[in-house]
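Reading through the structure tokens given below for one structure.
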Amino acid sequence: MGRRLLPTLLMALALLFAALVAAFVLSPWPGALLIRALFDHGAAQASARLVPHVPAGVVEHPGEVYDAASAEGRFDLFLPPPGARSEGAPPLVVWVHGGGAVSGSRTDIANYARVLAGQGLAVATLDYSIAPEAIYPTPVRQVNAALGHLAAQASRWGLDGTRLVLAGDSAGAHIAAQVANLTVAPAYAQALGIAPALQPAQLRALLLFCGPYVMRSSDAGGIGRWFLHTVLWAYSGTRHYESDPAFAGTANVIDHLTADFPPAFVSAGNADPLLPHSQALAARLQALGAPLQTLFFAPDHQPPLPHEYQFDLDGEDGRRALREAVDFVQRHTR
């Protein structure tokens, strides 16, 4: 009986395997959900490691709403402890979380935002709709709307809506760069079909950590290519994202920069697979004459600094990134 069942069992397993392979080939959903689970686990671990660095006394306003029509239209606001405040309103940093466009939430950044608040900055951490549930350019529209809301409502929290800094890590850095560019470049805003929520003078600076700025998978190989293909398929809503004018025409933000781009602090670790993106962005901004500060490391830097190295405040390099980023914000918001 057992021997007669074995071929049937093997056939069933083969069919199941074929169905799984077909699911990954025919839709971005299975791969995107797998990446989401892995990224969410990693984000939780990174957040937990920041707990010892969180200062006491941070004033928090959780669950604020920037878009009542969207379940993701929420943000948390972190204000400096009384002892960390200087005279006048603190600069407001609006942080866009990473997650490969298919994962993440504002809570991933909460402990880092508390650390920044301890340095005298106000920090708003945003939620936005992720893929495949929502596709491009939905997050760009949402972050733009959130900036408009925060600028208009800043006085509620004793803040100045004319001194905003937009920050992002990983996929959030890409979104932040796009929103900054549409704020200062009318042709780019028109191409996206998004009206800027801010006047250019209100957006004083950018913090861009470990971001991708060219939306292609063909440059990568191995598992990296599968990862990028899955993410970009999910985010764009089409398998042919590299040739789709609705996506590639504007998502490759590096191709649309101008000399009017806000002052930018650009950084990535020496072992980050996305390091070439940050280096290319910095080179383009430098060529345009846009204000720029970078924090890069020698190729043989030890220890090797991975993607999102800046969240590791147990290491000196993460602490250096924090010091330089805070100083950059303060200099450009005076």
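The values are calculated or read from the model by the stated rules, or taken from the named source; none is laboratory data. Since we're looking at a predicted model, the values are computed, not measured. As a convention, Cβ positions derive from the backbone with ideal geometry for all residues, glycine included, and neighbour counts pool all protein chains shown.
Annotations
- Candidates in the stretch 235-246 are the residues that are part of a helix (DSSP H, G or I) and in contact with a Phe, Trp or Tyr (Cβ under 6 Å, 6 or more places away or on another chain); of these, the one that is surrounded by the most Cβ atoms within 10 Å (Cβ to Cβ) is Tyr235.
- Taken over the stretch 293-334, residues that are of a type in the set (Ser, Thr, Tyr) and either surrounded by fewer than 17 Cβ atoms within 10 Å (Cβ to Cβ) or under 15 Å from Ser47 (Cα atoms) (or both) amount to 1.
- Screening Ala101 against (1) touching an Asp or Glu at 6+ places or on another chain (Cβ under 8 Å); (2) aliphatic (A, V, I, L, M); (3) on the phi > 0 side of the Ramachandran plot leaves a single unmet condition, (1).
- Qualifying residue in the stretch 260-267 (condition: at pLDDT below 95 and hydrophobic (A, V, I, L, M, F, W, C)): no
- Qualifying positions in the stretch 62-86 - of a type in the set (Asp, Glu) and in contact with a strand residue (DSSP E or B) (Cβ under 6 Å, 6 or more places away or on another chain): Glu64, Asp76
- Single residue of the stretch 247-268 satisfying the filter (free of Cβ contacts under 8 Å to residues at least 40 places away in the same chain and more than 14 Å from Ala187 (Cα to Cα)) that is surrounded by the fewest Cβ atoms within 10 Å (Cβ to Cβ): Asn252
- The single condition among (1) touching a residue at least 60 places away in the same chain (Cβ under 8 Å); (2) of a type outside the set (Gly, Ala, Ser); (3) within 20 Å of Leu203 (Cβ to Cβ) that Leu285 does not satisfy is (1).
- Pro90 falls short on exactly one of the conditions (1) closer than 30 Å to Gly237 by Cβ; (2) assigned to a loop (DSSP other than H, G, I, E, B); (3) more than 16 Å from the chain's Cα centre (by Cα), and that condition is (1).
- Leu50 touching a strand residue (DSSP E or B) at 6+ places or on another chain (Cβ under 9 Å) and touching a residue at least 24 places away in the same chain (Cβ under 8 Å): no
- Within the stretch 169-228, restricting attention to residues that are in contact (Cβ under 8 Å) with a residue 60 or more places away in the chain and in a loop (DSSP other than H, G, I, E, B), the residue that is nearest to Ser243 (Cα to Cα) is Val214.
- Some residue of the stretch 235-246 being of a type in the set (Gly, Ala, Ser) and in contact with an Asp or Glu (Cβ under 8 Å, 6 or more places away or on another chain): yes
- Residues of the stretch 129-178 satisfying the condition of being among the hydroxyl-bearing types (Ser, Thr, Tyr) and surrounded by 24 or more Cβ atoms within 10 Å (Cβ to Cβ): Tyr136, Ser170
- Any pair with Cβ under 6 angstrom, 6 or more apart, that starts in the stretch 146-166 at a residue that is free of Cβ contacts under 8 Å to residues at least 24 places away in the same chain and ends at one that is of a type in the set (Gly, Ala, Ser): none
- In the stretch 93-106, of all residues being touching a strand residue (DSSP E or B) at 6+ places or on another chain (Cβ under 8 Å) and not in a strand (DSSP E or B), the one that is farthest from Ala131 (Cα to Cα) corresponds to Arg106.
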